[in-house]
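Each reported figure results from applying straightforward, stated rules to the coordinates on display, with no laboratory input. Note that the structure is predicted; figures quoted are calculated from it, not measured. All Cβ positions, glycine included, derive from the backbone under ideal geometry; neighbour counts span all protein chains shown.
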Amino acid sequence: MVRIFDAIVLFTRRAIERMKTEPNDIQGRHDLLRTAQRACGAAIDAIDFELGGELAASNAALYQFWYRELVATNLDGDVTRAEGVLPQMEMIRGAWAEAVRRYKIEFANSNEPRQSVAVV
């Protein structure tokens, strides 16, 4: 999941930068935002709703909101919409990175086999 969020953050940042430095590059903006949108879709697709319960549904709603904001940014050319969701994206990306780091530490010294972890 960290790689998915890396893509969401990276391509949203690049789109914001492109919109600020090259406001007439509509195709460039579109390509970057579409890549970020596809990454949001991948995050939604990775959710195990049966295992994740309410948290999974809440995360899916958040990722869908981001997707819609990126689409609106692309259609309207309004960079403030992407700028508004980027801090949330960065925060969630950081939380996933921390969860993976802790998971690796916990199981690094363990002889127990790793179990599947629900993606929520």
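Summary of computed values
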{"quantity": "Cβ-placed point charges (K, R +1; D, E -1), dipole of the range 1-51 about Cα centre in debye, nearest 20", "calculated": "260"}
{"quantity": "Check: the chain dipole with +1 on Lys, Arg Cβ and -1 on Asp, Glu Cβ, in debye", "calculated": "300"}
{"quantity": "Listed residues A43, L62, A7: farthest to the positive end of the dipole of the range 1-81 (Cβ charges)", "calculated": "A7"}
{"quantity": "Relative contact order (%) - criterion: Cα under 8 Å, at least six apart; region: the chain", "calculated": "34"}
{"quantity": "Karplus 3J(HN,Hα) series, Hz, for the range 23-30 with 6.51 cos²θ - 1.76 cosθ + 1.60 (x for Gly, Pro)", "calculated": "x, 8, 8, 5, 5, x, 4, 4"}
{"quantity": "Rounded, prolate or oblate (a/c below 1.5 giving rounded, otherwise prolate when a/b exceeds b/c) for the chain by Cα gyration tensor", "calculated": "prolate"}
{"quantity": "In order through the range 4-10: 3J(HN,Hα) via Karplus (6.51 cos²θ - 1.76 cosθ + 1.60), integer Hz, x for Gly, Pro", "calculated": "4, 6, 4, 5, 4, 5, 4"}
{"quantity": "Karplus-derived HN-Hα couplings along the range 43-50 (A = 6.51, B = -1.76, C = 1.60, θ = phi - 60°), whole Hz, x at Gly and Pro", "calculated": "5, 5, 5, 7, 6, 9, 5, 5"}
